[in-house]
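K.L.:
First, the structure itself, so that you have it in front of you.
The values are calculated or read from the model by the stated rules, or taken from the named source; none is laboratory data. Owing to the predicted nature of the structure, the values given are computational and were not obtained by experimental measurement. Note that each Cβ is placed from the backbone with ideal geometry, even for glycine, and that neighbours are counted across all protein chains shown.
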Ligand SMILES: Cc1cc2nc3c(=O)[nH]c(=O)nc-3n(C[C@H](O)[C@H](O)[C@H](O)COP(=O)(O)O)c2cc1C
C-alpha cells in the first residue's frame, strides 16, 4: 500500500498537523508506507479549473498529481472552520478531483480545540469523499481538545487518546487492505 496523509490546515500555528504527524508515524511504525501531503508546502493557487482541464498545467501540480495517482489509500486530516472543512482542503480536492481519488479508500480525521472534535467538518468531508467517487471509511477520527491530546511534534500526551488513534489506524489499515 502507498498511503498519503493529507494535512489540511495551512493556518499559522495550526494544530491539525499534529494529528497528521501522529498518524504518519504510527502507520510507518507498523511497517506500511505512508507520507504526508502538507498543503502548507504545496501552496496551491485558489481554484481556477481542475488540473486535468488546464491547457497549461503547472509542472509542480503535475508532479503532485502523479504522486497522488500512485497512492492507494488516503487519510484526509481537516480542521473544523465555521462548521466545515478548511478551504485549503476543499481547494486541493477540487483541483485534483476524481482522477486522483476515485475508487480509492479514504478515511477522515477532524481536529478542533473544542470538545466535539470537528464532527460537522468530518461528516461533510465524508459526503465530499462520496462525491469524488471514492470510498469513505465508516469510522472517523474526531480529535477534540487537540492541544491536550498531542504536542506540537505530534507526540501523544494523553494515554486515552492513544487508544482512540490506535483503533482508528487499525480500522483504516483493515479497510484500505480490502482495496489493495
Ligand atoms: C476560521 C476558524 C474557524 C473555526 N471554527 C471552528 C468551528 O466551527 N468549530 C470548532 O470546533 N473549532 C473551530 N475553530 C477552532 C479550530 O478548532 C482550531 O483552530 C483547531 O486547532 C483546528 O484548526 P488548526 O489546524 O488551524 O489549528 C476555528 C478556527 C478558525 C481559525
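K.L.:
Which number in (1) crowded, with 18+ Cβ neighbours inside 10 Å; (2) in contact with a strand residue (DSSP E or B) (Cβ under 7 Å, 6 or more places away or on another chain) marks the one condition that residue 179 misses?
P.N.:
The number of the failed condition is (1).
Table: residues versus (1) in contact (Cβ under 8 Å) with a residue 60 or more places away in the chain; (2) over 18 Å from the mean Cα position of the chain (by Cα); (3) over 27 Å from residue 64 (Cβ atoms).
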site	(1), (2), (3)
99	no, no, no
146	yes, no, no
150	yes, no, no
158	no, yes, yes
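K.L.:
How many residues are within 25 Å of residue 94 (Cα to Cα), out of contact with any helix residue (DSSP H, G or I) (no Cβ under 6 Å at 6 or more places or on another chain) and not in a helix (DSSP H, G or I) if we restrict to the range 130-178?
P.N.:
Here the count works out to 2.
K.L.:
May I ask you to verify whether residue 78 is more than 13 Å from the chain's Cα centre (by Cα) and modelled with pLDDT of 95 or more? Full working, then the answer.
P.N.:
Numbers: more than 13 Å from the chain's Cα centre (by Cα): no; modelled with pLDDT of 95 or more: yes.
In short, no.
K.L.:
Still on this structure, I have one more. Tell me the residue from 86, 70, 40, 34 that is touching a strand residue (DSSP E or B) at 6+ places or on another chain (Cβ under 7 Å), surrounded by fewer than 16 Cβ atoms within 10 Å (Cβ to Cβ) and under 27 Å from residue 154 (Cα atoms), please.
P.N.:
From the options 86, 70, 40, 34, the qualifying one is 70.
K.L.:
Tell me, which residue of the range 111-131 that is within 9 Å of the ligand (Cβ to nearest atom) and touching a residue at least 40 places away in the same chain (Cβ under 8 Å) is surrounded by the fewest Cβ atoms within 10 Å (Cβ to Cβ)?
P.N.:
Here the residue is 113.
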